[in-house]
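*Asks:* Structure in structure tokens, see below.
Each reported figure results from applying straightforward, stated rules to the coordinates on display, with no laboratory input. Because the structure is a prediction, the values reported are computed rather than measured. Please note: Cβ atoms are built from the backbone with ideal geometry, for glycine as well, and neighbour counts cover all protein chains shown.
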Number of protein chains: 2
Amino acid sequence: MTIPDAPESGLAAAATPTAIAEWVADVLRDRIVKGEVPPGGRLVERKISAELNLSRTPVREALKLLHNDGLIEISRNKGAVVTRYDAAEALDLFEVIAALEGIAAGRVAQSIGTAELDELEELHGRMMAFHRTGRHAEYFDANSAIHDLIVERAGNPVIQGTHKRLIARARRGRYLAIMDPDRLAQAVEEHGLLMEALRARDAAAAESIWRQHLSHTGESVAALLGAEDGPAAAQA
Amino acid sequence: MTIPDAPESGLAAAATPTAIAEWVADVLRDRIVKGEVPPGGRLVERKISAELNLSRTPVREALKLLHNDGLIEISRNKGAVVTRYDAAEALDLFEVIAALEGIAAGRVAQSIGTAELDELEELHGRMMAFHRTGRHAEYFDANSAIHDLIVERAGNPVIQGTHKRLIARARRGRYLAIMDPDRLAQAVEEHGLLMEALRARDAAAAESIWRQHLSHTGESVAALLGAEDGPAAAQA
DNA sequence: CCGGGCAGAATGGCATCCCAAATTCAGGAA
DNA sequence: TTCCTGAATTTGGGATGCCATTCTGCCCGG
């Protein structure tokens with residue numbers, strides 16, 4: 001099963017106070033996002049601590065972290081259970097994410113300087129290049145980087161924190177986000193529109209465009225989830 | 001110092017798995033909100049567990065809860081420290097809260113039935129009555145109830161959960177929310193406008209009105225915080 | 001009088017043990 | 001065969017002890 005890396009290896013252990021718990025949370029989160037632990041699957045404290053050679057304490061803490069990310073439910077005597085992720089959930093999540101990123105885009109348009117705009121232009125250009133050459137993985141990374149940068153540059157820590165939490169949940173559907181060409185083209189166009197709004201410092205337009213962009217993404221993800229949730233809900 | 005009520009008293013102890021930790025969190029949250037523990041004040045695990053006659057485990061858990069509510073920062077060897085709450089923080093918080101409640105209001109307007117509308121009308125009427133008779137405490141409660149009901153009725157658990165978390169932080173300034181008469185009148189008017197939009201099932205209007213309403217509230221709170229943050233930051 | 005360093009205290013993180021509740025499963029009665 | 005019962009197992013919550021780190025304050029040298 002190959003544990004990614006021991007928590008004490010390297011020297012990152014002392015970085016944060018609860019570095020170990022966070023490392024455990026990362027490991028488990030990864031398994032959940034990648035579907036190694038399916039929805040409904042159980043995460044038992046004692047099993048995990050044995051596997052990772054740790055005591056239950058940090059594992060327990062990690063499970064709490066995942067719980068408040070909304071990834072698991074913790075029930076007594078049953079272990080933590082991975083929550084479902086279906087079309088309705090995706091729509092609910094992206095409705096909020098759309099609002100958050102929309103605000104962020106508006107704020108960025110309002111206060112952006114030439115340096116920040118250049119940074120975004122550069123990132124946008126790179127993304128477009130990846131798009132044209134069909135490098136989907138790189139396209140996707142650049143895309144995510146743009147979204148994250150906008151949220152960061154909005155300068156509202158509350159938005160950033162909330163966004164991070166929700167994205168962690170929403171990313172669960174990402175591995176199946178092989179969007180259809182139509183949606184991809186639409187997304188690219190929407191990114192272009194945002195850049196225009198940013199260049200024009202048009203906050204209202206930026207907010208509106210970006211919020212719609214995220215709404216569309218949500219609908220797209222929901223459609224994919226709905227499609228494969230319908231026939232077969234259970235899996236190995 | 002009078003501990004509100006022992007966690008094992010009554011029988012609510014077995015309600016939730018982590019009932020004790022949540023009770024501890026409530027106690028501490030209350031102290032923070034009421035300012036008994038000022039920003040920068042320290043919350044030491046061992047002190048609290050001694051005071052509450054508990055072991056450190058649930059106290060520790062409670063502190064994590066407060067941490068992800070954004071009320072405290074936890075640092076090694078220094079205890080948990082109450083985070084600051086100033087005008088900028090309030091504006092950041094209410095920017096997001098405004099967006100969330102705005103969406104919620106829009107969704108409610110979209111899908112509201114006569115029964116739900118009646119419930120809101122009744123609550124609104126009661127709030128107006130309290131307003132006219134100058135019963136500020138009851139007015140405030142009814143007001144909060146309306147806000148919560150709208151968020152709940154929007155039917156999006158993500159909105160509800162996110163809102164709850166942020167409100168916990170925003171409420172820190174509430175004890176000083178003795179708003180000036182002008183703002184009060186404006187707030188009342190905005191509530192009236194929302195009811196109109198709901199009656200008309202006008203989602204766009206409801207969203208816009210409610211988002212602005214919350215923005216104004218945020219600005220009002222920020223003004224109060226800014227005013228008293230200036231001269232004297234420290235207190236007993 | 002002031003600054004550096006050392007010893008003790010303070011403090012959160014981790015490990016470990018015990019407990020209560022719930023789940024599970026075997027065995028027996030109908 | 002089916003269903004009920006009860007005992008063993010499973011599992012998370014709580015208590016306690018130890019450890020590493022850091023903070024505090026005192027003492028000594030300059």
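*Asks:* Nearest 20 debye, what's the magnitude of the dipole of the stretch B:87-229 about its Cα centre given +1 on Lys and Arg Cβ and -1 on Asp and Glu Cβ? Numbers along the way, then the final one.
*Replies:* Working: 15 positive and 23 negative charges, 62 e Å.
I would put it at about 300 debye.
*Asks:* Right, next: Please compute the contact order of chain B in relative form: average sequence separation of alpha-carbon pairs under 8 Å and at least six residues apart, divided by the residue count, as a percent.
*Replies:* Answer for chain B is 26 percent.
*Asks:* Under a crude label model (7 Å from the Cα following the beta-carbon direction), how far is B:Ala50 from A:Ala115 in nanometres?
*Replies:* Here the modelled spin labels are 5.0 nm apart.
*Asks:* In units of 2.2 N^0.38 Å, what is the alpha-carbon radius of gyration of the protein assembly as shown? Mind dumping the intermediate values first?
*Replies:* Working: Rg = 23.7 Å, N = 472, 2.2 N^0.38 = 22.8 Å.
Relative to the 2.2 N^0.38 Å estimate, the protein assembly as shown comes out at 1.04.
*Asks:* If you don't mind, another one. How far is B:Arg46 from itself in the other copies, in nm, if each label sits 7 Å out from Cα along the Cα-Cβ line, shortest first?
*Replies:* Copy-to-copy label distances for B:Arg46: 3.2 nm.
*Asks:* Given +1 on the Cβ of Lys and Arg, -1 on the Cβ of Asp and Glu, and no further charges, what dipole in debye does the stretch A:12-82 carry about its Cα centre, rounded to the nearest 20? Please list the in-between numbers first.
*Replies:* Values: 11 positive and 9 negative charges, 68 e Å.
For this selection, approximately 320 debye.
*Asks:* Right, something else. Starting from the Cα of A:Lys78, draw a straight line to each of the lysines and keep only those under 18 Å, dropping any in the same chain fewer than 8 residues away.
*Replies:* Cα-Cα hits under 18 Å: A:Lys47, A:Lys64.
*Asks:* For the stretch A:12-82, report the translational diffusion coefficient in µm²/s to the nearest whole number, using Stokes-Einstein at 25 °C, 0.890 mPa s, and a Kirkwood Rh over Cα pairs.
*Replies:* Working: Rh = 12.0 Å.
Answer from the Stokes-Einstein relation: 204 µm²/s.
*Asks:* If you don't mind, there's one more thing I want to ask. With contacts defined as alpha carbon pairs under 8 Å and 6 or more residues apart, what's the relative contact order of the stretch A:12-82 in percent? Spell out each step's value before the answer.
*Replies:* Numbers: 69 pairs, mean separation 25.7, N = 71.
Computed value for the stretch A:12-82: 36 percent relative contact order.
*Asks:* Still on this structure: State, to one decimal in nm and shortest first, how far the label point of B:Arg76 sits from each corresponding label point in the other identical copies (label point: 7 angstrom along Cα-to-Cβ).
*Replies:* Output for B:Arg76: 3.3 nm, nearest copy listed first.
*Asks:* Here is a further query. Hey, could you grab the Kirkwood Rh for the stretch B:87-229? Inverse mean 1/r over distinct alpha carbon pairs, Å, one decimal. Walk me through the numbers on the way to the answer.
*Replies:* Details: mean 1/r = 0.0661 Å⁻¹.
Final number for the Kirkwood radius of the stretch B:87-229 is 15.1 Å.
*Asks:* Mind checking the alpha-carbon convex hull of the stretch A:25-140 and giving the volume per residue in Å³?
*Replies:* Working: hull volume 19.7 nm³, N = 116.
That works out to 170 Å³ per residue.
*Asks:* Show me, for the stretch B:217-226, the HN-Hα J-couplings you get by feeding each phi into the Karplus relation (A = 6.51, B = -1.76, C = 1.60, θ = phi - 60°), rounded to Hz, glycine and proline as x.
*Replies:* Using θ = phi - 60°, the values come out as 4, x, 4, 5, 4, 4, 4, 4, 5, x Hz.
*Asks:* Within 10 Å, count the other beta carbons around each residue, average over each peptide in B:28-35, B:86-93, B:45-52, and list them highest first.
*Replies:* Numbers: B:28-35: 17.9, B:86-93: 20.8, B:45-52: 15.2.
Ranked by mean Cβ neighbours within 10 Å, highest first: B:86-93, B:28-35, B:45-52.
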